[in-house]
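Note sheet for the following structure.
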Amino acid sequence: MTNREMKSYLSLIPISAKTHRKQNRLILLCIIFAVFLVTTVFSYAEIMTKGEEAAMVRKHGSYHIIVSGISEETGQQIKARENVSRTAWLRAFGEDIYEGYQIGDKRVVMYGTTQEYIEDIRKYQWEGTYPQNDHEVMLNEIARERLGVRTGDSITIHTPAGDFNYAVTGFCVDEWQLYNTKYDGVCAYMSLNALKQICEANGYDGEDSGGNHAAVSVGGPVLYVQFAKECNVKEAVAGLKEQYGLSDGNIEENKITMGMAGASSNQTINGFYELAAGVFGLILVAGGLMISSCMNSTVSQRIRFFGMMRCIGASRQQVMRFVRLEALNWCKSAIPAGLGISMVFTWALSEFLQRKVGGEFNDYSFRFSVIGIVSGILVGVVTVLLAAHAPARRAAGVSPVAAVSGNAQTGGKISRAANTRFFRVESALGVYHAVSAKKNLILMSLSFAFTVTLFLVFFAGLDFVRKLLPSESNLNPDVSIVAVDNTNSMDRGLKEKITGLPGVEAAFGSAMWFAVPAEINGAPGSVDLVSYDEYMFQWTKDSVVSGDLSKVCGDTDYVLTIFNEDSRLNTGDRIRIGETDLEIACVVSEGIGTNDCAIVCTEETFRRITGEDNYILLNAQLTKDAPEETVDVIRELMGENELEDRREDIKESNSSFWVFRIAAYGFLGIIALITIFNIMNNISMSVSAKMKQYGAMRAVGMSIEQMIKMIAMEAATYAVCGLLIGYAGGLCLHRLIMNKLVYSHFGGSWKIPAEPLAIITLIVILSCVAAVRAPARRIRDMAITETINEL
Amino acid sequence: MNLLEVNKICKTYGSGEAAVQALKNVSFSVPKGEYVAIVGESGSGKSTLLNMIGALDTPTSGQVLIDGKDTFAMKEKSLTVFRRRNIGFVFQAFNLIPELTVEQNIIFPVLLDYQKPDRGYLEELLSVLNLKERRNHLPSQLSGGQQQRVAIGRALITRPSLILADEPTGNLDTQNSSEVIALLKEASRKYEQTIIMITHNRMIAQTADRVLQVSDGVLTDLGRCSA
């Protein structure tokens, strides 16, 4: 009991909330869940957006335009303009790798610029000081490793015109090493004047010094310009052009920063919020439905209370206000709880992604998101208000007389009797309860069917994405070595040498003959002939679409083909190359080959047909903890051949797959939870409405077990109907998606997806069990006399 | 031999200062085949007493023996079966299952026992209760009197030794009330069943073999009716 003074009839709300804490638990959970989801999604969208922005600034710089062909004086004037926040001069030399410019044995790219460029325009991480005079340089981090120099050391830049000596003042992590790991050189940053001296000495005065950075450079240094945040960048650029008579050729836009400033559209960044808004809408509807059906259930459990309120003089409006405020009262504790859980979860997620997944997630560090918090609060309040509408009207519509006499709960008119001939009576009644309310049955079945269908569709989507991402393939190399002249000239011994290196999991090589004239089933054409070694055949087993892989073994005339939409070679097709007749024994969905019509044979067969024994392509898979030196050793071993380091790409595509998986499973989780909540509420409501009837049944001899069986049968009826519809719809869509997206591109034929079917069936069964549990407990606790006395 | 023995039943609701004694040391016994009426003011404790006898509620202390069996010593599961087979209930609000027909409602307790109903006995009951024409009707298609007759049929179908009726005529007009009472009496004689009935109606009480009065939780035996 409370000692607080009751100021209005609404003061009853917190008192009633205290006594009905148990019944309200589900509603509180619903609100917490909705708030949690929305806050998390928006917070993470903000984290991703900011992370993406940070990554883009690091990659592309924070400048908006690069102006070339202007005098120093014009540069000063531009810098002084009101809408310009920063400028920096840059002159690049050697980006196209002019032979003969080296520090030690490493080629060097030189930049003449100022500290603003490193610090503000590029936002590079750096240490030490920026060169203060013409005899100092700052090197990039790669140079520190490759040259083994430290701050304060002296270095010499060799040029065709002579040597130039400098003192090293610091190091920076520049874009060369972030994104051009293949580049085997170093970068030096110096004053504009120092670079001018090198250029002049080598006869490059005023010549093209552009390259990757400033393709529009027409002579001498270019000016990087960053506009003030609040200004309209498009107008500012137009103003600059007009005032200084600059043409389009003088100005190169940084599309990324222009996009972020809203001057052009950036799809990635807008995409996050679009996705979040979509999820917001989904959760609003789903949360609204969930909370609404929960509230309906509590209203129907308290129908006598509302009837009593009406009896003692509450108007309809007052009852509605009561129910609405009662709902808002739950927000008081549910919203902060949802926000809190979301913060912890978001923090844990970003920590997990940063530590375990890495790649692009390194930029996604945790932050408190105002947008996330505001949208969380908004979704809590709005869903509750929307959700309370129907139950409030229902409560207000209770007739005082009917409520007090206890007849308000009886449902619609019954026109047909339950069938007790085929089932036991409690089962018959359970099925009848589900089937008699047609609208409810359709809604419940469709809700189950919706989950089943979406589940299967998502699984098909996951299969597709897995096929799309090369990093998910078994034969995906971390580093590849391609023969320098694109012929089978790489020594076979290299494979063994690489295999023996520490941190190398496997090395495998291929030889290839391109566009070999051949007769395909008697018709003239051409094929690409590729050889696989044993390791590659071993991993090809998993991607066999048709035929028998075991035939392609040793020196044989059997070959396999990689599925190709255009060539459509099939098992049994005959190919004649020169004097050799080959037969396709097997088709695989993926593999290392060419984009054209490729057939794969063993190394022995390849040798017999072509007489060649060496490789064109050598791949190596590294272990997770492979030391960096391994790649350096491979570089040394490979000689003149070219190395393709794909580790960064793999990491990125791995992290993309992670994101897709998290998003897909998260979405599935939401749908599954909505279904579970939905059926729980429906069963709970159905039980509430029939509580008196159940009391009477207990009195005339129905046992608790029989009663629970009756309720379970009701839930099972919804589930079975839903599963049947879901299986039909889901399998059709699964087949359609797999045929259109997967099999048409990667080969194969549709099979019933047994695993996802089993999983979703299990989820549905579990949701039924969960749905029956709460009412079962209520029935166990039900005192028969309570309901009997009300009769 | 006594079919029912009630020994020193006490029932207290709440505790401490808020404790309310609904039944105070109630003891009585009813021989087989007797038709007993319980009368009393509203809130005097008669429904509580009936619930105790029917094992729907547990007493604070005391004992109820039906056919010599202590109902409160039984476990929930066996008590449910015992109730299903040995006690028939008739409620004021009929309490039929709306989705079952007249016939299904009557055989409901038998079905709960996973037994086949005795068709001959069912036909006999339907004819005694004058419900043959209505056997396939739903409760919503019946009048109040007819619904109560179905409820009586349901109470009789398992041939229980004890029938408990809580104001079975409370919702019926005079003519239907007389018919229902006549039916109960006839059943009691024909099938040798013991009936305990709560009623407010003096006229109906007078038709009973014996009248018990409950007042403030105390039971007084008013003895056999002279009528």
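Residue by residue, here is whether (1) of a type in the set (Ser, Thr, Tyr); (2) free of Cβ contacts under 8 Å to residues at least 12 places away in the same chain; (3) touching a Ser or Thr at 6+ places or on another chain (Cβ under 9 Å); (4) not in a strand (DSSP E or B) holds:
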{"site": "B:PRO168", "(1), (2), (3), (4)": "no, no, yes, yes"}
{"site": "B:ASN171", "(1), (2), (3), (4)": "no, no, no, yes"}
{"site": "B:SER177", "(1), (2), (3), (4)": "yes, no, yes, yes"}
{"site": "B:GLU186", "(1), (2), (3), (4)": "no, no, no, yes"}
{"site": "B:GLU192", "(1), (2), (3), (4)": "no, no, yes, yes"}
{"site": "B:ALA205", "(1), (2), (3), (4)": "no, no, yes, yes"}
{"site": "B:VAL211", "(1), (2), (3), (4)": "no, no, no, no"}
{"site": "B:VAL214", "(1), (2), (3), (4)": "no, no, yes, no"}
{"site": "B:ASP221", "(1), (2), (3), (4)": "no, no, no, no"}
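Restricting attention to region B:70-89 and to residues that are among the β-branched types (Val, Ile, Thr) and facing chain A (nearest Cβ under 9 Å), the residue that is nearest to B:GLY33 (Cα to Cα) turns out to be B:ILE87.
Among the residues making up region A:137-158, those that are surrounded by fewer than 21 Cβ atoms within 10 Å (Cβ to Cβ) and polar (S, T, N, Q) are A:THR151, A:SER154, A:THR156. Within region B:68-80, being surrounded by 15 or more Cβ atoms within 10 Å (Cβ to Cβ) and either closer than 29 Å to A:ALA689 by Cα or of a type in the set (Ser, Thr, Tyr) (or both) holds for B:THR71, B:LEU79, B:THR80.
Screening the candidates B:LEU100, B:LEU164 for the property of being surrounded by 22 or more Cβ atoms within 10 Å (Cβ to Cβ), within 12 Å of chain A (Cβ to nearest Cβ), in a loop (DSSP other than H, G, I, E, B) and hydrophobic (A, V, I, L, M, F, W, C) yields one hit, B:LEU100.
Residue by residue, here is whether (1) of a type in the set (A, V, I, L, M); (2) surrounded by 13 or more Cβ atoms within 10 Å (Cβ to Cβ) holds:
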{"position": "B:MET1", "(1), (2)": "yes, no"}
{"position": "B:LYS8", "(1), (2)": "no, yes"}
{"position": "B:LYS11", "(1), (2)": "no, yes"}
{"position": "B:VAL20", "(1), (2)": "yes, no"}
{"position": "B:ASN25", "(1), (2)": "no, yes"}
{"position": "B:VAL30", "(1), (2)": "yes, yes"}
{"position": "B:GLY33", "(1), (2)": "no, yes"}
{"position": "B:VAL36", "(1), (2)": "yes, yes"}
{"position": "B:VAL39", "(1), (2)": "yes, yes"}
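If you go through region B:111-120 and pick out every residue that is out of contact with any Leu (no Cβ under 9 Å at 6 or more places or on another chain) and more than 7 Å from every other protein chain (Cβ to nearest Cβ), you end up with 6. Look at B:GLN92 and say whether it is more than 7 Å from every other protein chain (Cβ to nearest Cβ) and more than 25 Å from A:LYS709 (Cα to Cα). For B:GLN92, the condition - more than 7 Å from every other protein chain (Cβ to nearest Cβ) and more than 25 Å from A:LYS709 (Cα to Cα) - is not met. Is there any pair linking a residue in region A:317-333 that is over 16 Å from A:LEU28 (Cβ atoms) to one that is hydroxyl-bearing (Ser, Thr, Tyr), with Cβ under 7 Å and at least six apart or on different chains, and which? Going by the 7 Å Cβ cut-off, the qualifying pairs are A:GLN318/A:TYR9.
Do we find a residue being under 29 Å from A:LEU349 (Cα atoms), at pLDDT 85 or above and not aliphatic (A, V, I, L, M) anywhere in region A:639-653? The answer is no, given that none of the residues of region A:639-653 is under 29 Å from A:LEU349 (Cα atoms), at pLDDT 85 or above and not aliphatic (A, V, I, L, M). Residue under question is A:ARG321, and the condition is that it be modelled with pLDDT under 75, among the charged types (D, E, K, R) and assigned to a helix (DSSP H, G or I); does it hold? Here the answer is no, as A:ARG321 does not meet what is asked.
Residue-wise test of (1) under 30 Å from A:GLU52 (Cα atoms); (2) away from every other protein chain (no Cβ under 14 Å); (3) surrounded by fewer than 19 Cβ atoms within 10 Å (Cβ to Cβ).
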{"residue": "A:GLU652", "(1), (2), (3)": "yes, yes, yes"}
{"residue": "A:SER656", "(1), (2), (3)": "yes, yes, yes"}
{"residue": "A:ARG661", "(1), (2), (3)": "yes, yes, yes"}
{"residue": "A:ASN678", "(1), (2), (3)": "no, yes, no"}
{"residue": "A:ASN681", "(1), (2), (3)": "no, yes, no"}
{"residue": "A:SER684", "(1), (2), (3)": "no, yes, no"}
{"residue": "A:SER703", "(1), (2), (3)": "no, no, no"}
{"residue": "A:MET707", "(1), (2), (3)": "no, no, no"}
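Condition first: part of a loop (DSSP other than H, G, I, E, B) and aromatic (Phe, Trp, Tyr). Can you find one or more residues in region B:59-81 that meet it? The answer is no; no qualifying residue exists.
Here A:PRO502, A:PRO517, A:PRO477 are screened, and the one residue that is over 17 Å from A:LEU560 (Cα atoms) and part of a strand (DSSP E or B) is A:PRO517. Identify, please: which residue in region B:13-55 is among the aliphatic types (A, V, I, L, M) and without any contact (Cβ under 8 Å) to a residue 24 or more places away in the chain and is, among those, nearest to A:GLY701 (Cα to Cα)? Checking each candidate, the answer is B:VAL20. Screening the candidates B:ARG83, B:ARG119 for the property of being without any contact (Cβ under 8 Å) to a residue 60 or more places away in the chain, surrounded by 21 or more Cβ atoms within 10 Å (Cβ to Cβ) and basic (Lys, Arg) yields one hit, B:ARG83. Tell me, yes or no, whether region B:70-92 has at least one residue that is at positive phi and either charged (D, E, K, R) or under 18 Å from the mean Cα position of the chain (by Cα) (or both). Within region B:70-92 (the criterion being at positive phi and either charged (D, E, K, R) or under 18 Å from the mean Cα position of the chain (by Cα) (or both)), the answer is no, since none of the residues qualifies. Residues that are surrounded by fewer than 16 Cβ atoms within 10 Å (Cβ to Cβ) and more than 39 Å from the chain's Cα centre (by Cα) within region A:109-131 comprise just one, A:THR129. Condition (residue is buried (at least 21 other Cβ atoms within 10 Å of the Cβ), within 11 Å of chain A (Cβ to nearest Cβ) and within 16 Å of A:ALA696 (Cβ to Cβ)) applied to region B:168-190: is it met by at least one residue? The answer is no; no qualifying residue exists. Taking the conditions exactly as written (over 19 Å from B:ASN2 (Cβ atoms), more than 14 Å from chain A (Cβ to nearest Cβ) and of a type in the set (Asp, Glu)), does B:GLU41 satisfy them or not? Yes; evaluated as a whole, the condition is true for this residue. A:PHE667 meets the conditions (1) under 19 Å from B:TYR114 (Cα atoms); (2) away from chain B (no Cβ under 14 Å) in every case but one. The failed one is (1).
Residue-by-condition table, conditions (1) part of a helix (DSSP H, G or I); (2) aliphatic (A, V, I, L, M):
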position: A:PRO524; (1), (2): no, no
position: A:LYS541; (1), (2): yes, no
position: A:SER546; (1), (2): no, no
position: A:GLY554; (1), (2): no, no
position: A:LEU569; (1), (2): no, yes
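Taking the criterion of being surrounded by 20 or more Cβ atoms within 10 Å (Cβ to Cβ) and either within 12 Å of chain A (Cβ to nearest Cβ) or assigned to a loop (DSSP other than H, G, I, E, B) (or both), the residues of region B:127-149 that qualify are B:LEU129, B:LEU131, B:LEU138, B:PRO139. Set side by side, the residues A:ARG393, A:ARG424 differ, and just one is at pLDDT 80 or above and either more than 13 Å from chain B (Cβ to nearest Cβ) or under 30 Å from A:THR39 (Cβ atoms) (or both), which is A:ARG393. If you go through region A:500-535 and keep only what is free of Cβ contacts under 8 Å to residues at least 40 places away in the same chain and within 19 Å of A:ILE592 (Cα to Cα), you end up with A:GLU534, A:TYR535. Answer yes or no as to whether B:ASP57 is over 17 Å from B:ILE195 (Cβ atoms) and at the interface with another protein chain (Cβ under 8 Å from one of its Cβ atoms). So B:ASP57 passes the test. Return yes when B:GLU123 is over 20 Å from B:PHE91 (Cβ atoms), under 23 Å from the mean Cα position of the chain (by Cα) and either facing chain A (nearest Cβ under 9 Å) or modelled with pLDDT of 90 or more (or both) and no when it is not. Here the answer is yes, as B:GLU123 does meet what is asked. Checking the stated criteria, A:ASN486 turns out not to satisfy the condition of being of a type outside the set (A, V, I, L, M) and under 26 Å from the mean Cα position of the chain (by Cα).
The values are calculated or read from the model by the stated rules, or taken from the named source; none is laboratory data. In this text the structure is predicted, and so the values were computed from the model without any measurement. Cβ atoms come from the backbone with ideal geometry, glycine included; neighbour counts cover every protein chain shown.
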